[in-house]
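Here it is, the structure in full.
Nothing in this text is a laboratory measurement; each read-out follows from the coordinates by a stated rule. The structure displayed is predicted, hence computed values, not measured ones. Methodologically, a virtual Cβ is constructed for each residue, glycine included, from the backbone with ideal geometry; neighbour enumeration extends over all protein chains shown.
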Amino acid sequence: MTRLEKDRLIAWVGYSDCNIKIWGQYERLADFIFEEFPSTKRRLDEISVPTLFVLSHAIELALKENIIFFLKYHKSIHLKKFDNMAHLLKSHNLINLSEEFKIGFYRLHKLAEGDDSIKIEFNKYFEQLTRLNNILQRNTETYS
């Protein structure tokens, strides 16, 4: 094995020091799984639960990062689904995180006096997230 090949096998974990960077790695992993796994000729159900867990955690990190981003602009520190920010950051509950994300979006949309078409578009995507959450929520049958 050449030095370059060995270097590719080194994982620089220190470069993953925030949720958004980790989320990016999850995104690349999901792309890799769906692009490369079919070429193995193996059944996807052999890795389905770990794959769902990866997708679930990626969504969790993205929601937390967006909630924090929204807080910078709408300035409301009042959370609806969590007692405080520490509880939110420790939570794995995709449904409550999604609801908090939606509340943050609505607050920011109102503050910015956004166009109704933006809210309609957001709600279309949020419906898809809700359906996905029902599959991925860790306390559902998916993980039992």
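Do the alpha carbons of any pairs in 64/119; 90/110; 21/41 sit beyond 23 Å of each other, and which pairs? Before the final figure, lay out each step's value.
On the way: 64/119 20 Å; 90/110 28 Å; 21/41 31 Å.
Beyond 23 Å: 90/110; 21/41.
When only C-alpha pairs under 8 Å and at least 6 residues apart count, what is the relative contact order of the chain, in percent?
On the way: 86 pairs, mean separation 34.1, N = 144.
Relative contact order of the chain: 24 percent.
Would you mind working out the magnitude of the charge dipole of the chain relative to its Cα centre, with +1 at each Lys and Arg C-beta and -1 at each Asp and Glu C-beta, to the nearest 20 Debye?
Dipole magnitude for the chain comes out near 280 debye.
Which residue, chosen from 53, 25, 11, occupies the Cα position most advanced towards the positive end of the dipole of segment 1-64, where the dipole is computed from +1 (Lys, Arg) and -1 (Asp, Glu) charges on Cβ about the Cα centre?
Most positive-ward Cα: 11.
Compute the semi-axes of the equivalent ellipsoid of segment 1-126, taking the square root of 5 times each eigenvalue of the Cα gyration tensor, and list them largest first in whole Å.
Working: eigenvalues 235, 67, 44 Å².
They are 34, 18, 15 Å, listed largest first.
Report the paramagnetic label zone for residue 134: residues of segment 78-96 whose backbone N is under 17 Å from a point 7 Å from Cα along the Cα-to-Cβ axis.
94-96
Right, something else. Can you tell me how much longer the chain between residue 77 and residue 123 gets when fully stretched, taken as 0.36 nm per residue apart minus their C-alpha distance, in nm with one decimal?
14.2 nm
Based on other C-beta atoms within 10 Å, arrange 68, 118 from fewest to most.
So the residues, fewest neighbours to most, are 118, 68.
Can you list the trypsin sites (Lys or Arg not before Pro) in segment 44-93 that are in a DSSP coil and have 13 or fewer other beta carbons within 10 angstrom? Let's see the in-between values first.
Details: sites: 64, 72, 75, 80, 81, 90; in loops: 75, 80, 81.
The qualifying sites are 75, 80.
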